[in-house]
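The values are calculated or read from the model by the stated rules, or taken from the named source; none is laboratory data. On a predicted model such as this, the values are computed, not experimentally measured, just so you know. Don't worry about glycine lacking a Cβ; one is built from the backbone with ideal geometry, like all the others, and counts go over all protein chains shown.
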Amino acid sequence: MMQEYSADEPEPLLSEWTLDLLNNRSELADWVDGFGSPLHVVFPDQANKNYLNWRNELRTVYGDCQIQFALKACKSASLLRAFALAGAGADVSSAHEMTSAFMNLVPVERISMTGPAKSDYEISLCIRHGVAIHVDCIEELKRILPVADTVGGIGRLFLRARPISEHGSRFGMTEDQLVACLQLLEETKVERIGVSFHINDYQVQTRAEQLRFCIAFLRRLCAKCLTPGGIDIGGGYPMRYLQRFDPVAYGSGVHWGSVAKPGNYPYAPELAGAHHAAAVIQAALADPSDRDFLRRHRLPILLQPGRSLLDQCGISAFDVIDVKDLGERRFGVVLDGMSFSLSETWFGADFVPAPAVVWREKRAVPRHNARYFLVGRSCLESDVIRWRGLAVEGGIAPGDLVVFTNTAGYQMDSNESSFHQIPLPKKIAAVRRPCGWKISADEARQRGIAHQ
Ligand SMILES: *Cc1c(COP(=O)(O)O)cnc(C)c1O
């Protein structure tokens, strides 16, 4: 059984399937025993549901929105396949991610290559397969055009704009550079030219303003008799992990090394996911003449959410190896895993939503007022999985499971490492059937595809 979350911990929002697994310990424990700790469990049915919710929400603000899942947010093959089968595209940044998109059934016309540093080989791959290329800089465009000429032209190309709000960024082009690209493009056979951006903040207005900039740019492109190809407004829509989050209260807990590390993520944004994205488009298209322009040229708006499309799509379970008494009611909980297996540590921050503790067996004597620090199994002092001491009414004991929920977006694999030759954690896909849970290896190659 799962223990209650302590009152002073940020209690995560949980999906029904997550609660089901946490409350029926045996299944999850059997899977961890069978596949090793930590174990990442993904839920393809949730991916399918999320995509349909996104699509329906976006349809309310603009008729032609195309959602492309940003692969870097999670390497799960079964989640990608679930998105692809539901109708999503893919945002890839290397030949490797492109292969993964092909193998998991994403049609080429729905793939965008947005990586800012493409090799000549990757450029050829895109042109020959008809994958849309997103050009990061004029130097890159000068490498792309000769390749396009050798095969008689290029289908879809997007010019990446440097966000107005991030003029110090090393990605994308300034307005002058974008205009200089148009001059080069007038001499080459490119069917459709779009414009794209990716912004790193979570304000609706910042993206809306950038989208308006893109519309104005496409009008200039049309004035040069080039054919516009759409606007890609990138990813970065915030996701809601918690009903509410109070960083001050979080900081007031007991922390490893006495430093609180809540990070900068807005764990409880007012507008999250598809609602946030819809608000961006709604705000940007307030001027009816802009809307008319997009409709007249049949221009799609592309979106590339990673994290927020993965809301509630997976959990990460760690086995407890030992619980060490460190004195003063502080305990070090040694997990069978490392901080590399929960990636928020990449930003030197805690993954804030409290993990659930699932008992191996009910205990006689709970340890009141104790603080449990979750640490990795490596020999590094800095291998800490949660700096904030966890308060757990019933205590934690070896053999319990510590389960971080809602981890599919970036937490599972973005900085995994085979440090110390420990094999990388496994992922499994879980599907709930009337007769119980069915699990499968999280791989592209499957015997059938009809059963997810
Ligand atoms: C990272 C990235 C995304 C996805 O961002 P999320 O925050 O996961 O939504 C989309 N597009 C580009 C170009 C990116 O670099």
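General observations
- Checking Gly394, Gly399, Gly376, Gly389 one by one, the residue that is more than 16 Å from the ligand (Cβ to nearest atom), in the same structural domain as Leu326 (by TED's automatic domain parsing), without any contact (Cβ under 8 Å) to a residue 60 or more places away in the chain and among the small types (Gly, Ala, Ser) is Gly376 and no other.
- Residues of the range 49-67 satisfying the condition of being surrounded by fewer than 19 Cβ atoms within 10 Å (Cβ to Cβ), within 21 Å of Ala429 (Cβ to Cβ) and in contact (Cβ under 8 Å) with a residue 24 or more places away in the chain: Leu52, Asn53
- Among the residues of the range 82-89, none qualifies, meaning not one is modelled with pLDDT of 95 or more, closer than 20 Å to Gly172 by Cβ and part of a helix (DSSP H, G or I).
- Scanning the range 144-170 for residues that are in contact with a strand residue (DSSP E or B) (Cβ under 7 Å, 6 or more places away or on another chain), free of Cβ contacts under 8 Å to residues at least 60 places away in the same chain and under 19 Å from His198 (Cα atoms) yields Leu159, Arg160, Ala161, Arg162.
- Candidate set from the range 128-142 (those that are in contact with a helix residue (DSSP H, G or I) (Cβ under 6 Å, 6 or more places away or on another chain) and outside any strand (DSSP E or B)); member that is farthest from Gln66 (Cα to Cα): Ile138
- Considering residues of the range 355-368 that are out of contact with any Leu (no Cβ under 6 Å at 6 or more places or on another chain) and buried (at least 22 other Cβ atoms within 10 Å of the Cβ) only, the residue farthest from Val402 (Cα to Cα): Pro355
- Listed by position, the strands (runs of 3 or more DSSP E) enclosed by the range 269-341 that each have at least 3 residues that are buried (at least 21 other Cβ atoms within 10 Å of the Cβ) and within 16 Å of the ligand (Cβ to nearest atom) are 301-303.
- Residue in the range 187-197 that is in a loop (DSSP other than H, G, I, E, B), within 14 Å of the ligand (Cβ to nearest atom) and in contact (Cβ under 8 Å) with a residue 24 or more places away in the chain present: yes
- Meets criteria (loosely packed, with under 14 Cβ neighbours inside 10 Å, over 23 Å from the mean Cα position of the chain (by Cα), part of a loop (DSSP other than H, G, I, E, B) and not hydrophobic (A, V, I, L, M, F, W, C)) for Glu4: yes
- Failed item in (1) at pLDDT below 95; (2) assigned to a helix (DSSP H, G or I); (3) within 27 Å of Ala277 (Cα to Cα), with Val147 passing the rest: (3)
- The test for being at pLDDT below 95 and closer than 26 Å to Glu416 by Cβ holds for Ala117.
- Output for the range 92-114, where each listed residue is surrounded by fewer than 22 Cβ atoms within 10 Å (Cβ to Cβ) and within 14 Å of Asp232 (Cα to Cα): Arg110
- Qualifying residue in the range 22-35 (condition: among the basic types (Lys, Arg), under 21 Å from Pro353 (Cβ atoms), in a helix (DSSP H, G or I) and modelled with pLDDT under 95): yes
- From Leu79, Leu39, residue being farther than 30 Å from Arg295 by Cα, within 15 Å of the ligand (Cβ to nearest atom) and either crowded, with 18+ Cβ neighbours inside 10 Å or of a type in the set (Gly, Ala, Ser) (or both): Leu79
- Looking only at the range 368-418, residues that are at pLDDT below 95, more than 18 Å from Tyr265 (Cα to Cα) and small (Gly, Ala, Ser) come to 10 in all.
- Of all residues in the range 126-176 being more than 16 Å from the ligand (Cβ to nearest atom) and acidic (Asp, Glu), the one that is farthest from the chain's Cα centre (by Cα): Asp149
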